[in-house]
Amino acid sequence: MNHYRIAVLVSGRGSNLQALIEANQRGELSAQLVVVISNTPTAQALERAHHSGIPTQVIERQTGQSKKDYETRLIQSLESHRVDLIVLAGFMLLLSPYFVEHFKGRIINIHPSLLPAFPGLHAQRQAIAYGARFSGCTVHFVDEGCDTGPIILQTVIPVFDEDTEQSLSARILREEHLLLPKAIDLLSKNKVQRRGRRVVITDPAR
Ligand code: GRF
């Protein structure tokens, strides 16, 4: 049984969660998926978790509930699961400094662009509209900003003249599914060192 405990926060489709589940089944992830938390009851990711026997929880932000109260509920749940790492995989809420500070250095996110280019929503659409020749995907630590935290791993992906938002998204997604398990595996093996904004990977095999 692996002792590195991961929570995955989701809001939708959950293909990255699925990639983690499958990497784990293949023994490529030295970690345990202890809970999947969604901020919406309709997320397909929840079905994927159920299907694999991973505990799930829906924590919705109630109307009128302050962000701090909402995040306090999230924190309580994550603490009760004794998580080492929180993985944002298509989690569509921006977490406040209160939450980020609580789990300082223990939250990562996957983003479908080569950050710092094209943060925020519709990153693939932004890359095409800008005319970028290359985009990609990024796994980074989460800080107080939107997609601004220290970068752990990236994959570069070409943007072709005939690309649509859909075709580029699909090409990037395939790489996301490889990059996220790889980053988590490195973290779980303590092969990721932060030096301020820079992240050093201490794995010669990488
Ligand atoms: C991915 O493109 C991820 O990079 C972004 O949201 C999307 C989530 O997709 N943050 P899925 O729910 O994992 O399929």
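The values are calculated or read from the model by the stated rules, or taken from the named source; none is laboratory data. A quick note: this is a predicted structure, and the numbers were derived from the prediction, not measured. With ideal geometry, Cβ positions are generated from the backbone for all residues, glycine too; neighbour counts draw on all protein chains shown. The area values use the complete protein model at the heavy-atom level, side chains included, leaving out ligands, DNA and RNA. Shrake-Rupley method; radii C 1.70, N 1.55, O 1.52, S 1.80 Å.
Here are the numbers for this structure:
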item	result
Residues within region 158-172 that are in a strand (DSSP E or B) and within 12 Å of the ligand (Cβ to nearest atom), tallied	0
Single condition ILE37 does not satisfy, out of (1) part of a strand (DSSP E or B); (2) open to solvent by 50 Å² or more (accessible area, probe 1.4 Å)	(2)
Test for VAL200: is it farther than 22 Å from PHE99 by Cα, within 16 Å of the ligand (Cβ to nearest atom) and out of contact with any helix residue (DSSP H, G or I) (no Cβ under 8 Å at 6 or more places or on another chain)	no
Scope region 134-172; condition farther than 27 Å from GLY105 by Cβ, open to solvent by less than 40 Å² (accessible area, probe 1.4 Å) and among the aliphatic types (A, V, I, L, M); matching residues	ILE157, VAL159, LEU168
Residue tally, condition touching a Lys or Arg at 6+ places or on another chain (Cβ under 6 Å) and over 14 Å from LEU9 (Cα atoms), over region 31-49	1
Failed criterion for GLU101 (all others in (1) under 23 Å from GLY145 (Cα atoms); (2) part of a loop (DSSP other than H, G, I, E, B) hold)	(2)
Among the residues listed as GLU28, GLU22, the single one being more than 13 Å from the ligand (Cβ to nearest atom), among the acidic types (Asp, Glu) and either touching a helix residue (DSSP H, G or I) at 6+ places or on another chain (Cβ under 9 Å) or in contact (Cβ under 8 Å) with a residue 40 or more places away in the chain (or both)	GLU28
Test result for LEU78, of a type outside the set (D, E, K, R), under 26 Å from LYS191 (Cα atoms) and more than 11 Å from the ligand (Cβ to nearest atom)	yes
Check on TYR130, away from the ligand (no atom under 16 Å from the Cβ) and either charged (D, E, K, R) or open to solvent by 50 Å² or more (accessible area, probe 1.4 Å) (or both)	yes
Matching residues, region 6-33, being buried (at least 18 other Cβ atoms within 10 Å of the Cβ) and in a strand (DSSP E or B)	ILE6, ALA7, VAL8, LEU9, VAL10, LEU33
Any chance LEU114 is assigned to a helix (DSSP H, G or I), modelled with pLDDT of 95 or more and hydrophobic (A, V, I, L, M, F, W, C)	no
Residue match in region 129-149 (condition: under 13 Å from the mean Cα position of the chain (by Cα), part of a strand (DSSP E or B) and polar (S, T, N, Q))	yes
Hits in region 173-206 - residues which are among the hydrophobic types (A, V, I, L, M, F, W, C) and either surrounded by fewer than 12 Cβ atoms within 10 Å (Cβ to Cβ) or in a helix (DSSP H, G or I) (or both)	LEU173, LEU178, LEU179, LEU180, ALA183, ILE184, LEU186, LEU187, VAL200, ALA205
Meets criteria (more than 15 Å from the chain's Cα centre (by Cα), closer than 22 Å to ARG194 by Cβ and either of a type in the set (Asp, Glu) or surrounded by fewer than 15 Cβ atoms within 10 Å (Cβ to Cβ) (or both)) for GLU79	no
Subset of region 165-188 that is over 18 Å from the mean Cα position of the chain (by Cα) and in contact (Cβ under 8 Å) with a residue 12 or more places away in the chain - its residue that is farthest from SER15 (Cα to Cα)	GLU165
